[in-house]
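Below is one structure, written out as structure tokens; comments come after it.
The values are calculated or read from the model by the stated rules, or taken from the named source; none is laboratory data. Bear in mind that the values here come from a model prediction, so they are computed numbers and not experimental data. Glycine also receives a Cβ, built like all others from the backbone with ideal geometry; neighbour counts cover every protein chain displayed.
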Amino acid sequence: MVQLIMAAFTIGLLGSFHCIGMCGPLALSLPINGNSFFSKFSGSILYNSGRIVTYCLFGLLFGIIGKTVALFGFQQWLSILLGVLIIIFVILPKRTTSFGNNNFVLNYFGNVRSSLGRLFSKKNYSSLFFIGLLNGLLPCGLVYMAAAGAVATGDITNSILFMAFFGLGTLPMMWSVAFFGNYVSVGIRQAIRKAYPYMLTLMACLLILRGMGLGIPYVSPKVDLQKKTIHSCCVKPS
């Protein structure tokens, strides 16, 4: 469990540098009412709390999917498949994101952005929380990577915890952007963006190793499939 939490938190913490370029403009333009320390602090916390709540809801959904797959004994294959898909995404990003031209997808994200626009016209604390909720629904490769890890846990509780600690990992950087402003240089952001594909590839390799069950502690634990069939083997026909 500790390894699971640390992996999720690390993905969020390191990946949050990528978030500066993607979600930074939105965080910088939050409709925080007033310039006092309290209003900026509480507004930033509410906005990021909304994002983390959305990630936890994703964790619930991904956990149900992972649990269902695990019950049918396909969890290892799912882990390998997710790893392969991430690698394909890294190698062929334009091909794998071409689904975004679909009318349904365009309408969905268009509705999310319209809702965000309406919330930005209001200057109250509840709107900041809901902006965070909707921000979690916007397309993000980092969230997709975390989702793959959450599904691979094969457990609903672990999946929710994975996404929650992923969100907490992004909190320090994203809160700082909303509170202090755009203090990270363009050069640093570009360097992080260049490192982003390597982060995705590392995550993909870990998922593939996990699914292969090589007997490596914490990285690729061996699954004893005989335990799943021992009951049926021991039952004698009447």
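Descriptive notes on the structure:
- Screening the range 70-127 for residues that are more than 22 Å from the chain's Cα centre (by Cα) and crowded, with 17+ Cβ neighbours inside 10 Å and picking the one that is modelled with the lowest pLDDT gives LEU119.
- Taking every residue in the range 147-172 that is polar (S, T, N, Q) and pairing it with any residue that is crowded, with 24+ Cβ neighbours inside 10 Å and outside any helix (DSSP H, G or I), at least 6 positions away or on another chain, the pairs with Cβ-Cβ distances below 9 Å are SER159/THR153.
- Among the residues of the range 152-180, those identified as buried (at least 20 other Cβ atoms within 10 Å of the Cβ) and modelled with pLDDT under 85 are ALA152, THR153, GLY154, MET173, MET174, VAL177, ALA178.
- Which listed residue, of ILE52, ILE45, ILE32, is modelled with pLDDT of 85 or more, surrounded by 20 or more Cβ atoms within 10 Å (Cβ to Cβ) and of a type in the set (Val, Ile, Thr): ILE52
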